[in-house]
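In what follows, a single structure is set out as structure tokens and then discussed.
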Amino acid sequence: MLERYTIKQWLILATLLLLAVAVVFIDMLLFPGTILPAVVYAVPVLLAAYLLPPSMSVAITAIVVILVGVDSWVENSPPWRFSLDVLVILIIGYLATLLSMRIKEVAELAARAQASAEEAQLERTRLETILQQIPAGIVIAEVPSGRLTFASSRTEQIWRRSSTRPINIKDIEPRLFHPDGRPYSPNQVPLARALRNGEIVTGEQVKIMREDGTWGTLLINAAPIRDSKGNIVAAVAAFDDISPILELQERREDDIRMISHDLRNPLTPIMGQASLLQRRLAEMGLEREARSAEAILKSAQRMNSMIQELVESARLEAGLLELHLEPTSICQLIHDILERFGTEEERARIKMECDSQMPLVPIDRERAERVIVNLLSNALKYSAPDTPVTISAEYHDGTAMISVADRGVGIPPQDLPHLFERFYRARTGKRIEGLGLGLYISRLIVEAHGGRIWVESEEGKGSKFSFTLPITPHASGTRHDGALSPSF
């Protein structure tokens, strides 16, 4: 029990006891024949209620009552006076205890409130520090005024503001435009929609006229901030200036056009003239010269194919290649490909297995054929001439899966994770011409359709390449009539 109280509390208890005894002795010595009012005796009780724990306060009250009884006996006061004094002391002690407890509760609540306020301020400072370090513009607007309560330093850099005065959503609305140049109507900018309607805006491109008169393009995400009851109290927007990215894309498009036009155009007359020369030399019986002309033609065709691969991979990466989706029978597509694929000896090696119950699949026929032809060509190149190559198509879990399997040399395990990367060539020991873009382009085409592509291989036993195509059109990245949307 003793360990519950501090030395300070014990000293206060002793002091109050001495005070109570002193009051009694003063009454007996200085005011003989009278009894001091009960309020005077209650002074130690009042002080104990405020300074000491309840148990010590009760002890002081009991001791004071005993001392009052002694004083009454010495002074020979009537019993009713003793009872009245005790009643007054107990009432004062009880009320003082209640008041002291209430004061302490209020003090504790105030201390907690102060601690909560300090913690909230610390959290706000920490959050603002984190937001300031994010390499994107961050703004927060409050309800209902739309006033910006926070704007990161990156925001000021993107907007190129010269003024430090607080701004409102309405101040920036006239400076924001749709990508086609149309101005936003009132309350339709992404942050305003999140604030007014609770809309979550993701990846919206917005043109901005900065305060210094220059133009830029922002990629904006916005979302409402709700309280515990679900009411919108604010909204936050995160954005970045993608103008440099768009400029690089435009330069890449210029490079693609240059490669497609300036490099491929000279090849057309070379291939035409080489083909004509080869036929004329063959008609004249000059076989050696005809073979030389044929070598020129094949080399020009390979160069044209490599340029086409470079152009196509660049277009796929930039999201510039259009996918024209149409419901297609995969079995019929494979059958059509095999009818015109390669030489007669190569076609004889290919075995087709297809699920005839497979539903129609929305695909770009030309691009899907490019993937299948590439996988078949690789299977034939990397396997012995007397081994079969199997192409199969099956349907399960809402997707069509096409696989091409061979019994070739296989692929080393260390090469498998990199096989679909740009310009990567597996170390199979065979020298194969090309840039190493075929599987990379195949992956981009399959992913643009919403599918995936992978390989299973074991050295010395062969490889199996598979890819999937969803039965329902892929929503993000393709349209039935449009182009792949660029993503950032």
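The condition (being open to solvent by 50 Å² or more (accessible area, probe 1.4 Å), part of a strand (DSSP E or B) and either over 18 Å from ILE138 (Cβ atoms) or touching a residue at least 12 places away in the same chain (Cβ under 8 Å) (or both)) is satisfied by just one residue among ILE245, ILE270, ILE225: ILE225. Counting just the residues of region 426-440 that are touching a helix residue (DSSP H, G or I) at 6+ places or on another chain (Cβ under 9 Å), assigned to a loop (DSSP other than H, G, I, E, B) and at negative phi, which one comes out modelled with the highest pLDDT? So, considering only residues that are touching a helix residue (DSSP H, G or I) at 6+ places or on another chain (Cβ under 9 Å), assigned to a loop (DSSP other than H, G, I, E, B) and at negative phi, the one modelled with the highest pLDDT is LEU437.
Take the conditions under 16 Å from ASP241 (Cα atoms) and out of contact with any strand residue (DSSP E or B) (no Cβ under 8 Å at 6 or more places or on another chain) and apply them to SER185. Does it pass? Considered against the rule, which asks whether it is under 16 Å from ASP241 (Cα atoms) and out of contact with any strand residue (DSSP E or B) (no Cβ under 8 Å at 6 or more places or on another chain), SER185 comes out as no. Scanning region 458-488 for residues that are at pLDDT below 90 and under 24 Å from GLU309 (Cβ atoms) gives HIS474, GLY477, THR478, GLY482, ALA483, LEU484, SER485, PRO486, SER487.
Scanning region 339-367 for residues that are without any contact (Cβ under 8 Å) to a residue 24 or more places away in the chain and among the hydrophobic types (A, V, I, L, M, F, W, C) yields a total of 1. Considering ARG288, ARG302, the condition of being at pLDDT 85 or above, open to solvent by 80 Å² or more (accessible area, probe 1.4 Å), part of a helix (DSSP H, G or I) and of a type in the set (D, E, K, R) is satisfied by ARG288 alone. So which of GLU118, GLU108 is within 35 Å of the chain's Cα centre (by Cα) and modelled with pLDDT of 70 or more? Only one candidate passes the filter, namely GLU118. Taking the criterion of being closer than 14 Å to GLU346 by Cβ and of a type in the set (D, E, K, R), the residues of region 358-392 that qualify are LYS381, ASP386. Consider region 385-413 and keep the residues that are in a loop (DSSP other than H, G, I, E, B) and of a type in the set (D, E, K, R). The one that is modelled with the lowest pLDDT is ASP397.
Residues checked against (1) open to solvent by 60 Å² or more (accessible area, probe 1.4 Å); (2) assigned to a helix (DSSP H, G or I); (3) at pLDDT 70 or above; (4) within 26 Å of THR6 (Cα to Cα):
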position	(1), (2), (3), (4)
GLY33	yes, no, no, no
TYR50	yes, yes, yes, yes
ILE60	no, yes, yes, yes
VAL74	yes, yes, no, no
ARG81	yes, yes, no, no
VAL88	no, yes, no, no
GLY93	no, yes, no, yes
MET101	yes, yes, yes, yes
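Taking the options GLU128, GLU118, GLU142, name whichever one is without any contact (Cβ under 8 Å) to a residue 60 or more places away in the chain and open to solvent by less than 100 Å² (accessible area, probe 1.4 Å). Going through GLU128, GLU118, GLU142 in turn, just one is without any contact (Cβ under 8 Å) to a residue 60 or more places away in the chain and open to solvent by less than 100 Å² (accessible area, probe 1.4 Å): GLU128. Residues of region 167-186 that are open to solvent by less than 60 Å² (accessible area, probe 1.4 Å), part of a loop (DSSP other than H, G, I, E, B) and not hydroxyl-bearing (Ser, Thr, Tyr): ILE167, HIS178, GLY181.
Among the residues making up region 323-356, those that are acidic (Asp, Glu) and either at pLDDT 90 or above or surrounded by fewer than 14 Cβ atoms within 10 Å (Cβ to Cβ) (or both) are GLU326, ASP336, GLU339, GLU344, GLU345, GLU353.
Return yes when VAL70 is open to solvent by 40 Å² or more (accessible area, probe 1.4 Å), at pLDDT 75 or above and within 30 Å of ARG4 (Cβ to Cβ) and no when it is not. The answer is no for VAL70.
Every listed requirement among (1) at pLDDT 85 or above; (2) within 56 Å of the chain's Cα centre (by Cα); (3) over 30 Å from VAL139 (Cα atoms) is met by LEU276 save one, (2).
The values are calculated or read from the model by the stated rules, or taken from the named source; none is laboratory data. These figures come from a predicted structure and were not determined experimentally. Methodologically, a virtual Cβ is constructed for each residue, glycine included, from the backbone with ideal geometry; neighbour enumeration extends over all protein chains shown. Keep in mind that these areas ignore ligands, DNA and RNA; they rest on the heavy atoms of the full protein, side chains included. Shrake-Rupley method; radii C 1.70, N 1.55, O 1.52, S 1.80 Å.
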